[in-house]
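The values are calculated or read from the model by the stated rules, or taken from the named source; none is laboratory data. Keep in mind that this is a model prediction, so the values were computed, not measured. Here the Cβ positions follow ideal geometry from the backbone for every residue, glycine too, while neighbour counts run over all protein chains shown. Keep in mind that these areas ignore ligands, DNA and RNA; they rest on the heavy atoms of the full protein, side chains included. Shrake-Rupley method; radii C 1.70, N 1.55, O 1.52, S 1.80 Å.
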Amino acid sequence: SNAICNFVICNDSSLRSQPIIFNPDFFVEKLRHEKPEVFTELVVSNITRLIDLPGAELAQLMGEEDPKLPGANSTASGFFRSLMSLKRKEKGVVFGSPLTEEGIAQVSQLIEYLHKNLRAEGLFRVPGNSIRQQILKDALNSGTDIDLDSGEFHSNDVATLLKMFLGELPEPLLTHKHFHAHLKIADLTLFDEKGNKTSTPDKERQIEALQLLFLILPAPNRSLLKLLLDLLYQTAKKQDKNKMSAHNLALMFAPHILWPRNVTANDLQENITKLNNGVTFMIKHSQKLFKAPVYIRECARLHYLGSRAHTSKDDLDLLTSSGSKELQPLKSQKRSRLDSCHQEETQQRTEEALKELFRHVHNMPDSAKKKKLIRQFNKHPTALTPGSDVPTSPAPRRTRSRSFSGLIKRKVLGTPVILERKSRDTTPEPVRVSKENVQLLQKCGSPAHMSQAKLKSLEGQKEESCRRMRARLLSKDSSSL
C-alpha cells in the first residue's frame, strides 16, 4: 500500500511548504492491482526476452503447472528432510503459516530491532539462547506486544528467530515457481566481440531480470523480501564490525530465500553455487532491485493515458529513438496507396496528352518537322499507342510527280490545294508514342500553343521558299532569252 500515492489538491497555505512525494512506480502498482492479467503478461513477455525459459518452465512460472523441483522424485528420506517436514506441521499464527500481512507486521519488529544492533559479531551465524527464542516465538504467535529494547533479548536471539521464521514458511520467500528462472539468471554472462559467451556475469541484464521477477511475486513475499534484503545490505556494510560479508550472509539465508523446501544439499548438487551467488548478488544490489524498469513504467503510464501500450523494452527503444515510428506501418501502407493512385492518374494524363499530340501531329501541314516527329514515333514500336480516338478511313495515296514542272506546280501554284486535299483525304497511319514524344510535348507546351507558333513559322518558311523559286525561274527565263 505504501507504493501507491494519492494526489490531493490542498488549499491550506500551511501545507503548501510540505515536500511533494512522487512515486515513479505509481502507474505500475495501479496496473498490478487493477488489471493483474495484463500486468503479468507485460512482465513475463519481457522476462522471456532476457532468459530462455522452455515451455514447461514458463508454464511453471505462470502457475499453469506444478513446479518440478530437484529431489521431488527421490525416494531417499534423510534425517534433515524429515525434521524440517515435522517442524512445518506445527503451524502457529505467524510461524509455519503461509505468509500474510499480519505475519509481516509481527516479524517487522524483529527486523527493526536488528537495524539498531548490526555491530554484533557473527550476527545471523552465532545462535542465540533457545529458551529466550521460544519465549519470543510464543509472544509473536499470540500477537502480544514485545519490548525488544528492554534488554531481555540479545541480538543473536532475534537474528536466529528471524531465520527460523523464514525456514518454517511453506515455501521459500522467492516461491517455488521462480526457482528455474533464478537458475537461468545466474547463467546470464557477457559476450565478446565475436559473439562468444564469456564467464563474466552480465550484471545489467541480471538486475533487469530480477526487477521483473520481483514484480510478479505475491505482494506479501515482495514486501518481506524488500525488508529482509535491506537489512542484509546494511549488515554487509558494517562487516568490519560484525564480520559478516554479503557472501557469508547469503550462505545463511539462501536455504530460506531460494532453496526449495524438503531438499538437502545433495539434491541441489551443482546448483548450490549458483543459488548462493544469486543471493549474494541480491544483497549487493538490493537498492536497485525493487524499482520497475523504465520501459515497464512507460507502458503502464501509456496504458492509463489511453495511448498505445508497448509490450517490451525493444518497443520503447523504438519509440524513443524515432519519435512516432510506431505508426510507420500504417503510414507506409497509406503512402503506397497514394503512390499507386498517383501513378494511375499520371499514366492516364500521359495517355491523354499523347493522344492529343498524336492528333496534332497528323493535322500539321507537310513539313520536315512533321516528318521528324513521325520518325520519332516509329522509332519505338513498343511504346504506348493512342487508342482509336482518331478516325481512320482508308484512302488511296497520291503519287508524287518527280518532274521539274510538277515541282514548280507543287511549290508555286498548287501548294495550298494539295495541302488541303492531303489534310482531308490522307489517312493518318497509327503511330506509336514514346517517352521522347512526351518530353517533346512538355517542351512545346500545349498543342494549341504549338499549332499557332509552328504554323506561323512554317508559313514564313514556305513564303521564303516561294520567293526564292520565283527568283530562280525568272533568272532562268532571262538567261534563255
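What to note about this one:
- Tabulated pairs, the stretch 24-49, first within 18 Å of Gly63 (Cβ to Cβ) and in contact (Cβ under 8 Å) with a residue 60 or more places away in the chain, second open to solvent by 50 Å² or more (accessible area, probe 1.4 Å) and assigned to a helix (DSSP H, G or I), C-beta under 7 angstrom, 6+ apart or interchain: Asn46/Lys313
- Among the residues making up the stretch 128-145, those that are part of a loop (DSSP other than H, G, I, E, B) and either at pLDDT 95 or above or over 19 Å from Leu228 (Cβ atoms) (or both) are Asn129, Gly143, Thr144, Asp145.
- Candidates Ser155, Ser142, Ser130, Ser150: the one that is open to solvent by less than 20 Å² (accessible area, probe 1.4 Å) and either in contact with a Cys (Cβ under 9 Å, 6 or more places away or on another chain) or among the small types (Gly, Ala, Ser) (or both) is Ser155.
- Helices (runs of 4 or more DSSP H) lying entirely in the stretch 153-269 (those with 1 or more residues that are in contact (Cβ under 8 Å) with a residue 12 or more places away in the chain, among the polar types (S, T, N, Q) and under 26 Å from Val44 (Cα atoms)): 203-215, 219-237
- Residue match in the stretch 291-301 (condition: open to solvent by less than 40 Å² (accessible area, probe 1.4 Å), more than 21 Å from Glu204 (Cβ to Cβ) and either among the hydroxyl-bearing types (Ser, Thr, Tyr) or in a helix (DSSP H, G or I) (or both)): yes
- Per the conditions (1) modelled with pLDDT under 90; (2) assigned by the TED database to the domain that holds Leu289, the sole criterion not satisfied by Ile21 is (2).
- Selection of the stretch 94-119 for residues being open to solvent by 40 Å² or more (accessible area, probe 1.4 Å), of a type outside the set (S, T, N, Q) and assigned to a helix (DSSP H, G or I) yields Glu101, Glu102, Ala105, Glu112, His115.
- Figure legend. Inter-residue proximity from the stretch 347-370: first residues farther than 28 Å from Ser465 by Cβ, second residues open to solvent by 80 Å² or more (accessible area, probe 1.4 Å) and at pLDDT below 75, beta-carbon distance below 7 Å, spacing 6+ or different chains. Indicated pairs: Glu351/Leu384; Leu354/Leu384; Lys355/Asp389.
- Test: residue in the stretch 260-267 that is closer than 19 Å to Pro170 by Cα, at pLDDT 95 or above, within 38 Å of the chain's Cα centre (by Cα) and of a type outside the set (Asp, Glu): no
- Matching residues, the stretch 50-61, being under 23 Å from the mean Cα position of the chain (by Cα), in contact (Cβ under 8 Å) with a residue 40 or more places away in the chain and open to solvent by 30 Å² or more (accessible area, probe 1.4 Å): Asp52
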